[in-house]
Amino acid sequence: MTTTTSDPAMLENLTSGAAEVLPKGGLEAKLALGRPLRVKLGFDPTKPDLHLGHAVVLNALRRFQDAGHQVVVIIGDFTARIGDPTGKEATRPPLTAEDVKSHAETYLQQLGKIIDLARAEIRTNSTWLEPMGLTEVIQLCAQATVAQMLARENFAKRYERQDPIALHEFLYPLLQGYDSVAIQADIELGGTDQTFNLLMGRELQSARGQAPQVVMTFPILEGLDGVQKMSKSSGNYIGVSEPPDIMFSKLMSISDELMWRYFELLSLRGNAQLQCLREEVTAGKNPRDAKLELALEITSRFHSA
């Protein structure tokens, strides 16, 4: 059965943990259509491993899947060769097609730890981006202005410092937005650092006569250091395919303060359960015991109990 707005509890479940849903009331309007929605989430295989930071939004994707909607996972085998400039203070080094293919091969197995691949639509964006001719690329570029691009925080900082910004970096948000056109997305999920790219999808869909997608963003998970966002390049990550003893020990190594952030973004416990656990710790329960519960829950999800 597909979720509709007549089920407030399910609506709350679908938006659990979301930082923002744009536009306001947009999700309710989509659900009111009474049909399975196409819910998009994209990954660029720039590295071979997914980590718990990715799991935050993948958990949200699984909730839509369990509610009867069609999840569409985009493997960005074309856009990975450009490199998403999001959060980057310098131009990303290009990846070869061989690098991207090698990384992408590991993704499906890892994605299957969180979503049901048998009920998911898996697409590679090279399917529609590679055949585009120069005329189509120019028409796509006409959908955005330089001012729009420079309003983006990381571009603005680099421009102010007179750091190089390559023209191909401006293409990335347009290509990600075009993915939404190609698969006719109703909803797109992503991290809060992806808001600009996700909203570009709405603009391109509107320009092509499609109903614009609803954008749902989710908080960025801090890595083991509690400072920088979780990433393999920073060495502060927990991979979803890491051995259970390594995953467990890494989770036990985080600070007591960071533990609550991990509970909020990764645990499948409800808000009431988490509040109860917080109160127990405040009342004298050893924080290490609470952290043990977190480590057991997360490790058991990706490995057998």
Which far-off residues, 5 or more places away or on another chain, put their amide H under 5 Å from the one on Val71, with H placed in the peptide plane?
Val39, Glu121
For the range 62-195, treating each Cα as an identical point scatterer without solvent, what Debye log10 I(q)/I(0) comes out at q = 0.16 1/Å?
-0.96
Counting Lys and Arg as +1 and Asp and Glu as -1, what is the net charge of the other residues whose Cβ lies under 12 Å from the Cβ of Gln273?
-3
How big is the range 211-268 in terms of Cα radius of gyration and Dmax, in angstroms?
13.5, 47
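Report the trypsin sites (Lys or Arg not before Pro) located in the range 112-162 that are in a DSSP loop and have at most 14 other Cβ atoms inside 10 Å of their Cβ, or state none. Write down the numbers at each step before the final one.
Values: sites: Lys113, Arg119, Arg123, Arg152, Lys157, Arg158, Arg161; in loops: Lys113, Arg152, Arg161.
When the trypsin sites (Lys or Arg not before Pro) of the range 112-162 are filtered for loop state and at most 14 Cβ neighbours within 10 Å, Arg161 remain.
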As a test, work out the antiparallel percent of DSSP beta bridges whose residues both lie in the chain, rounded to the nearest 5.
25 percent
Counting only helical runs of four or more DSSP H residues, what would the 222 nm mean residue ellipticity of the chain come to if each run contributes -39,500 (n - 2.57) and the total is spread over all its residues?
-14000 deg cm²/dmol
Measuring with a 1.4 Å probe in the full set of protein chains, what accessible area per residue, in whole Å², belongs to the chain?
47 Å²
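Suppose R0 equals 30 Å; then what is the FRET efficiency for Asp245 and Ala97 from their Cβ-Cβ distance, rounded to the nearest 0.05?
Rounded to the nearest 0.05, the efficiency is 0.25.
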Entries of Lys24/Lys113; Lys40/Lys113; Lys229/Lys250; Lys47/Lys229; Lys101/Lys232; Lys30/Lys113 with Cα pairs more than 20 Å apart
Lys24/Lys113; Lys30/Lys113
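Ala118 to Gln184: FRET efficiency via 1/(1 + (r/R0)^6), r the Cβ-Cβ distance, R0 35 Å, to the nearest 0.05?
Details: r = 22 Å, r/R0 = 0.62.
That gives a FRET efficiency of 0.95.
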Give me the one-decimal nm value for the distance between modelled label points at Glu105 and Gln210, 7 Å along each residue's Cα-to-Cβ direction.
3.1 nm
How would Leu27, Leu108, Leu95 line up by accessible area, probe 1.4 Å, largest first?
Leu108, Leu95, Leu27
Rounded, prolate or oblate (a/c below 1.5 giving rounded, otherwise prolate when a/b exceeds b/c) for the range 102-163 by Cα gyration tensor:
oblate
Please list the three semi-axes, largest first and in whole Å, of the ellipsoid equivalent to the range 265-305, using sqrt of 5 times the eigenvalues of its alpha carbon gyration tensor.
20, 13, 6
Treat the chain as a sphere of radius equal to its Kirkwood radius over Cα pairs and apply Stokes-Einstein at 20 °C in a medium of 1.002 mPa s; give the translational diffusion coefficient in µm²/s, rounded to a whole number.
105 µm²/s
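The values are calculated or read from the model by the stated rules, or taken from the named source; none is laboratory data. Predicted model, so just to flag it, every value in this text is computed and none were measured. Ideal geometry is used to build each Cβ from the backbone, glycine not excepted, and the neighbour counts take in all protein chains shown. With ligands, DNA and RNA removed, areas are computed over all heavy atoms of the protein, side chains included. Shrake-Rupley method; radii C 1.70, N 1.55, O 1.52, S 1.80 Å.
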